[in-house]
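Only the coordinates and a few stated rules stand behind these numbers; no lab work does. Computed from a prediction, not measured in an experiment: that's the story for all the values here. Glycine also receives a Cβ, built like all others from the backbone with ideal geometry; neighbour counts cover every protein chain displayed.
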């Protein structure tokens, strides 16, 4: 059964692994140069990178993002739905092979190939981007390049793409099993996978490891951002490589509060837009009133705890979907 599954699956797998191998070779050729530049220049590496290096950097992000989605759509969704459409599953079940063995072989071979492909491309991109990531985590090039804990870069580094691939593949299998039609299952897989990929960084990831907090006094010279005509302020986090997850303004009593109305009035002179000197006086007045900014963040050292936790989350979701598929095959599919 494993050999039959591989024969049915080998064309898609060959195409994917050929693409991954070709991209890995390209990174292997250009990567050593980045390592040499980092050894000689440290965080100034980012100032020495060419436009080609920058293109490869963002191409690497895109490829790692795309591989699990493509796997879910083109490997997972058709795996069972195509057999259900053509009716060939009944021929297999009428032989000596049980439904459970048929499903386990298909799921096992496909999931292993999916995790391998995604893991290899993530390994190559993580290795190639390593010097840039270290330079950014040391405070260089944050205007152009992303810290490893940035939600976009995080999803294209380390081991989490392996979890993404497992989840995307089993999600595609599940939707193909339930929907029974290949094209609708492929489209739904992409939509659901994308929604989960948006939801996890927004609402889940920050809770997967212990975060840190710091309170920044507000006063003259404090660099702040002003939003909604002075009703909200933002203070930059002076922690290279950290991921700022939330911030709030505290009043003199240490309680969450919006800036007072007098601050907004101070920023809106009748003569037109406020000058930098006036803004600085307004901020100084805010500090004299005892206002502070509380920042909640994940330091750069939380990269691997978050990686392991999120990988476990996606593998758990994949296992749960696999269990649902097994139940559906036994109870709902005839």
> In bins 5 Å wide, starting from 0, what share of all Cα pairs of segment 212-298 does each bin hold, as a percent?
Replying inline: 3, 15, 26, 25, 16, 10, 4, 1, 0
> Which ordering of 298, 180 is given by a fewest-first count of other beta-carbon atoms within 10 Å?
Replying inline: 180, 298
>> With angles folded into 0 to 90 degrees, how steeply does helix 160-179 sit against the dominant principal axis of the chain? Use alpha carbons for both and round to 10.
In response: 50
> Could you work out the helix-only [θ] at 222 nm for the chain, with each DSSP H run of four or more residues adding -39,500 (n - 2.57) and the total divided by the number of residues, to the nearest 500 deg cm²/dmol?
Replying inline: -21000 deg cm²/dmol
> Where does helix 77-86 land angle-wise versus the long Cα axis of the chain, in degrees 0 to 90, nearest 10?
Replying inline: 30
>> Using a 10 Å cut-off around each Cβ, can you sort 132, 159 from fewest to most neighbouring Cβ atoms?
In response: 159, 132
> Quick one: Kirkwood hydrodynamic radius for the chain, alpha-carbon pairs, angstrom, one decimal?
Replying inline: 23.0
> How far is helix 276-288 tilted off the main Cα axis of the chain, in degrees rounded to 10, range 0 to 90?
Replying inline: 90
> How would you rank 266, 282, going from fewest to most other Cβ atoms within 10 Å of each one's own Cβ?
Replying inline: 266, 282
>> Can you tell me the convex hull volume per residue for segment 94-176, based on C-alpha atoms, in Å³ to the nearest whole number?
In response: 90
